[in-house]
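Colleague: Have a look at the structure that comes next, please.
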Amino acid sequence: MARLDDVIEELVTANRILARENVVDSFGHISVRHPGNPQRYLLSRSRAPDCIEPDDIMEFTLDGAAVDGRERAPYLERFIHGALYEARPDVMSVVHHHSESVIPFGVTSWKIKPVFHMGASIGHEVTVWDSHDHFGDTSLLVENMDMGRDLAEAVGAAATVLMRGHGATVAGRTIRHAVYISVYLELNARLQKQAMDMGEVKFLTPGEVEKVRGRTGSYGINRAWENWCRRAGRQFRPEQSESRL
């Protein structure tokens, strides 16, 4: 089992990377399932991702209750994370973000599909969850477990889902995997829009998507992670590469 301090350090690094790679700005968050208790998860207090430090990381039960809040204000949308961990034992890390390029695909009829090989990590097609379908007029924020569970149901077994007028949620098997998908979801959306502006798009075939995803192992993810750590000014820790962080 990974040491808790190492997991927290990795989570801080993930926040910094997501900020530097323009997936999150002042808003958005990433969590990790607690390495010693699968019924809990770790998530920062409510703070901009690029500002997060180890002492900001809080522990939560799956229903969003802080274990030791110490008067730190949690993210309102922490229920996204708990609901996905509750529904998916295979998920070890969750990202929620509002990256600029994905927003238009959540409010139009176009679906995000892989247009290049790195984009295959997002899956065959990214579905859209619309909070209005079951909850009517809201602030569009996932502010309780009922909404979180409805979102988790929409994610199903997939790695990604868009949220109409809001952003996206990503589920990964490790922190690094969740960040990897998030970065390439943003890039794929941007490239897809550029291709659509040029004419008819030839997307990756289902077979191509599966072959690429089958080759996306820890080696490729850690190669990207080392580069992103350098760009974010964070230390790369190869000794953690095979752990379920």
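The values are calculated or read from the model by the stated rules, or taken from the named source; none is laboratory data. Note that the structure is predicted; figures quoted are calculated from it, not measured. Positions of Cβ are backbone-derived with ideal geometry, glycine not excepted, and every protein chain shown enters the neighbour counts.
Colleague: Taking interchain pairs and intrachain pairs at least six residues apart, which have beta carbon atoms under 8 angstrom, with the first residue in the stretch 218-240 and on the phi > 0 side of the Ramachandran plot and the second of a type outside the set (D, E) and surrounded by 17 or more Cβ atoms within 10 Å (Cβ to Cβ)?
Modeller: From residues that are on the phi > 0 side of the Ramachandran plot, the pairs are G233/R16.
Colleague: For residues that are in contact with a Leu (Cβ under 6 Å, 6 or more places away or on another chain) and in a helix (DSSP H, G or I), scanning just the stretch 121-159, find the one that is nearest to K202 (Cα to Cα).
Modeller: Per the stated criteria, the residue is I122.
Colleague: List the pairs whose first member sits in the stretch 50-72 and is under 14 Å from H29 (Cβ atoms), whose second member is of a type in the set (K, R) and part of a strand (DSSP E or B), and whose Cβ atoms are under 6 Å apart, counting only residues at least 6 apart or on separate chains?
Modeller: D56/R45; M58/R45; R72/R45
Colleague: On to the next question. Search the stretch 40-55 for residues being part of a helix (DSSP H, G or I) and over 21 Å from T174 (Cβ atoms), and hand back the single one that is farthest from the chain's Cα centre (by Cα). Please lay out each step first, then the result.
Modeller: Of the residues in the stretch 40-55, the ones part of a helix (DSSP H, G or I) are 49-51, 54-55.
Checking which are over 21 Å from T174 (Cβ atoms) leaves us with 50-51, 55.
Details: D50: 16, C51: 18, D55: 21 Å.
Per the stated criteria, the residue is D55.
Colleague: Here are some conditions: (1) more than 14 Å from the chain's Cα centre (by Cα); (2) modelled with pLDDT of 95 or more. R215 meets all but one. Which one does it not meet?
Modeller: (2)
Colleague: Quick one: which of F60, F105, F79 is aromatic (F, W, Y), modelled with pLDDT of 95 or more, buried (at least 18 other Cβ atoms within 10 Å of the Cβ) and part of a strand (DSSP E or B)?
Modeller: Numbers: F105 fails: part of a strand (DSSP E or B); F79 fails: part of a strand (DSSP E or B).
Selected residue: F60, the only one of F60, F105, F79 that is aromatic (F, W, Y), modelled with pLDDT of 95 or more, buried (at least 18 other Cβ atoms within 10 Å of the Cβ) and part of a strand (DSSP E or B).
Colleague: Shifting gears a bit: Filter the stretch 166-211 for residues that are over 19 Å from V24 (Cα atoms), among the hydrophobic types (A, V, I, L, M, F, W, C) and assigned to a helix (DSSP H, G or I) and give the result. Outline the logic, then answer.
Modeller: Kept after step one, since they are over 19 Å from V24 (Cα atoms), are these residues of the stretch 166-211: 173, 192-211.
With among the hydrophobic types (A, V, I, L, M, F, W, C) added as a condition, the list becomes 195-196, 198, 201, 203-204, 209.
Across the stretch 166-211, the qualifying residues are A195, M196, M198, V209.
Colleague: Can you find a residue in the stretch 215-223 that is closer than 27 Å to P38 by Cβ, of a type in the set (S, T, Y) and touching a strand residue (DSSP E or B) at 6+ places or on another chain (Cβ under 8 Å)? Give the steps one after another, and end with the answer.
Modeller: First, pick out the residues of the stretch 215-223 that are closer than 27 Å to P38 by Cβ: 216-222.
Subset that is of a type in the set (S, T, Y): 216, 218-219.
Restricting the remaining residues to those that are touching a strand residue (DSSP E or B) at 6+ places or on another chain (Cβ under 8 Å) gives none.
For the stretch 215-223, residues closer than 27 Å to P38 by Cβ, of a type in the set (S, T, Y) and touching a strand residue (DSSP E or B) at 6+ places or on another chain (Cβ under 8 Å): absent.
Colleague: Determine whether the stretch 127-134 contains at least one residue that is crowded, with 24+ Cβ neighbours inside 10 Å and either at pLDDT 95 or above or closer than 21 Å to N22 by Cα (or both).
Modeller: From the stretch 127-134, those crowded, with 24+ Cβ neighbours inside 10 Å are none; that's our starting set.
No; the residues of the stretch 127-134 include none that is crowded, with 24+ Cβ neighbours inside 10 Å and either at pLDDT 95 or above or closer than 21 Å to N22 by Cα (or both).
Colleague: Restricting to the stretch 148-194, give me the number of residues that are in contact with a Pro (Cβ under 9 Å, 6 or more places away or on another chain) and of a type in the set (G, A, S).
Modeller: Of the residues in the stretch 148-194, 1 are in contact with a Pro (Cβ under 9 Å, 6 or more places away or on another chain) and of a type in the set (G, A, S).
Colleague: Can you find a residue that is part of a helix (DSSP H, G or I), of a type outside the set (K, R), surrounded by fewer than 19 Cβ atoms within 10 Å (Cβ to Cβ) and at pLDDT below 95 anywhere in the stretch 225-241?
Modeller: yes
Colleague: Now, a different point. Is it true that D6 is assigned to a helix (DSSP H, G or I) and more than 24 Å from E186 (Cβ to Cβ)? Full working, then the answer.
Modeller: Values: assigned to a helix (DSSP H, G or I): yes; more than 24 Å from E186 (Cβ to Cβ): yes.
So D6 passes the test.
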